[in-house]
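Written out below as structure tokens is the structure these notes cover.
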Amino acid sequence: MKITLNNGVQMPALGFGVFQTPPEETVSSVAEALRVGYRLIDTAASYFNEREVGEGIRRSGLDRSEVFIETKLWISDYGYDEALHSFDKSARKLGVDQIDLLLLHQPLTADFEKTIGAYKALEKLLADGRVRAIGVSNFMPEILERLLTETTVVPAVNQVEVHPYFSQPDVQKADSQHGILTQAWSPMGGITSYRGDASRSTFNDPVIGEIADAHGKTPAQVMLRWHLQESRSAIPKSVNPQRIAANFDVFGFELSTEELARIDALDTGVRGGPDPAAVTLEAFHRDIPEA
Ligand code: NDP
């Protein structure tokens, strides 16, 4: 199942995430994901595993053209020249000449000039054919508007936290009004488990459990199906081969309109991740090593 981005590039709707996947497990889990059918891998400079993602892709034996590679520049590398150099670091670590989708990982609200500089570098990379599409992550509607007024290329994607307990309908609406695809991070609400009380996570939600039982599926599969039927991209993460395969086995059933609405109604309005406006260089600086 593919989604056509606003610049005509086709991207698999369902991808594979590697946030918190240790480098030593990244090669095998990426290769396993590609073996069972995923064709989109989502990483980031700040996950410190781009090299291993590249190795996993090579190990899969698939042709480079068959795998859609998505990565993100970190805030410590914002500014025009810094971002251009950061692309080189990521491309070299991944071992590729061209990246399919390159995102700004976070807006630097307090230092928006640097954010604009970095985005203009993405526009340059797009014009030069070094990337096939560009986008953003964690951009709330107001900050997205600021970006749109100061730059030329409308982002293809806004990757934001979306799961049943925090579905950000306002962000999704703003994205779609501008023709931007919303891509769900923590699509199964993993963050409600690893950053919260696991017994009260989305995986243990009674409504999702009931819908899952009705279809003979797992809660994870129901949540991923919910994204796909609501036209979002989703990038579930796992290091476990059974869960990697099960999370991709979501194309053989259909949720009803009523079931989708029941999941939509679970939104609590409480985010699991950091408030994007609170992401500053002081609090979140990371040195992104040279390739
Ligand atoms: P997910 O919703 O993908 O959940 C992953 C967690 O759930 C892991 O702890 C995983 O453990 C577990 N899990 C995976 N499959 C199942 C299953 N079938 N049943 C039960 N538990 C399961 O959340 P993430 O936060 O990991 O987000 C996914 C991806 O989104 C990231 O890898 C990254 O690519 C992206 N992301 C982007 C952010 C951004 O700021 N742009 C922020 C956060 C994530 P195990 O590995 O042991 O299976």
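Computed from the Kirkwood radius of its Cα pairs, the Stokes-Einstein diffusion coefficient for the chain at 10 °C and 1.306 mPa s stands at 83 µm²/s. Distances between placed amide hydrogens fall under 5 Å for residue 17 paired with 42, 237, 238, all partners being 5 or more residues away or on another chain.
The charge dipole of the chain, taken about its Cα centre with unit charges on the Cβ of Lys, Arg, Asp and Glu (plus for the first two, minus for the last two), comes to roughly 560 debye.
Each label was represented as a point 7 Å from its Cα along the Cα-to-Cβ direction; for residue 280 and residue 229 these points are 4.4 nm apart. In this rough spin-label picture, where each label sits 7 Å from Cα along the Cβ direction, the residue 127-residue 6 distance is 1.9 nm. Which links in 93/124; 72/114; 93/114; 89/120; 72/120; 89/124 stretch past 22 Å when you go from one Cα to the other? In this structure, 93/114 lie more than 22 Å apart at Cα. Remark: relative contact order (the chain) = 20 percent; criterion is Cα-Cα distance under 8 angstrom and separation of 6 or more residues.
Across the alpha-carbon set of the range 8-118, the Rg to Rh ratio works out to 0.99, Rh being the Kirkwood radius. From the residues 189, 135, 101, which one has its Cα farthest along the dipole of the chain in the positive direction, the dipole being from +1 and -1 charges on Cβ of Lys/Arg and Asp/Glu about the Cα centre? It is 101, whose Cα lies furthest towards the positive end.
Tell me what the chain gives for mean residue ellipticity at 222 nm when only DSSP H runs of n ≥ 4 count, each as -39,500 (n - 2.57), the sum divided by the residue total, rounded to 500 deg cm²/dmol.
-12000 deg cm²/dmol
Rolling a 1.4 Å probe over the heavy atoms of the protein chains gives the chain an accessible area of 41 Å² per residue.
Entry note, the range 190-291: relative contact order of 22 percent, from Cα contacts under 8 Å with a spacing of 6+ residues.
When all protein chains stay in place and ligands, DNA and RNA are ignored, the 1.4 Å accessible-area order of 243, 132, 225, largest first, is 243, 132, 225. Per-residue surface analysis assigns residue 286 an accessible area of about 100 Å², computed on protein heavy atoms at 1.4 Å probe radius. Here the translational diffusion coefficient of the range 70-120 follows from Stokes-Einstein with Rh set to the Kirkwood radius across Cα pairs; for 4 °C and 1.567 mPa s it amounts to 119 µm²/s.
Note on residue 285: accessible area approximately 90 square angstrom, rounded to 10, probe 1.4 Å, nucleic acids and ligands left out. Centroid-to-centroid, using Cα positions, the range 32-107 and the range 227-268 are 24 Å apart. Accessible area of residue 1 (1.4 Å probe, protein heavy atoms only, ligands and nucleic acids ignored): about 120 Å².
Can you tell me the dipole magnitude for the range 1-154 around its Cα centre, using point charges on the Cβ only (Lys, Arg +1; Asp, Glu -1), in Debye to the nearest 20?
My answer is approximately 380 debye.
Between residue 68 and 40, 41, the built amide H atoms are under 5 Å apart, and every one of these is 5 or more places off in sequence or on another chain.
Between the residues 122, 220, 154, the greatest Cα displacement towards the positive end of the dipole of the range 105-221, with unit charges on the Cβ of Lys, Arg, Asp and Glu, is found for 122.
Shape annotation for the range 181-256: C-alpha extents along the principal axes are 30, 29, 25 Å, from largest to smallest. If only the Cβ of Lys and Arg carry +1 and only the Cβ of Asp and Glu carry -1, the dipole of the range 78-179 around its Cα centre is close to 280 debye.
The values are calculated or read from the model by the stated rules, or taken from the named source; none is laboratory data. Bear in mind the structure is a predicted one, so any value in this text is a computation, not a measurement. Quick reminder, even Gly has a Cβ in these numbers, built from the backbone with ideal geometry, and neighbours come from all protein chains shown. These area figures cover heavy atoms from the full protein model, side chains too; ligands, DNA and RNA do not enter into them. Shrake-Rupley method; radii C 1.70, N 1.55, O 1.52, S 1.80 Å.
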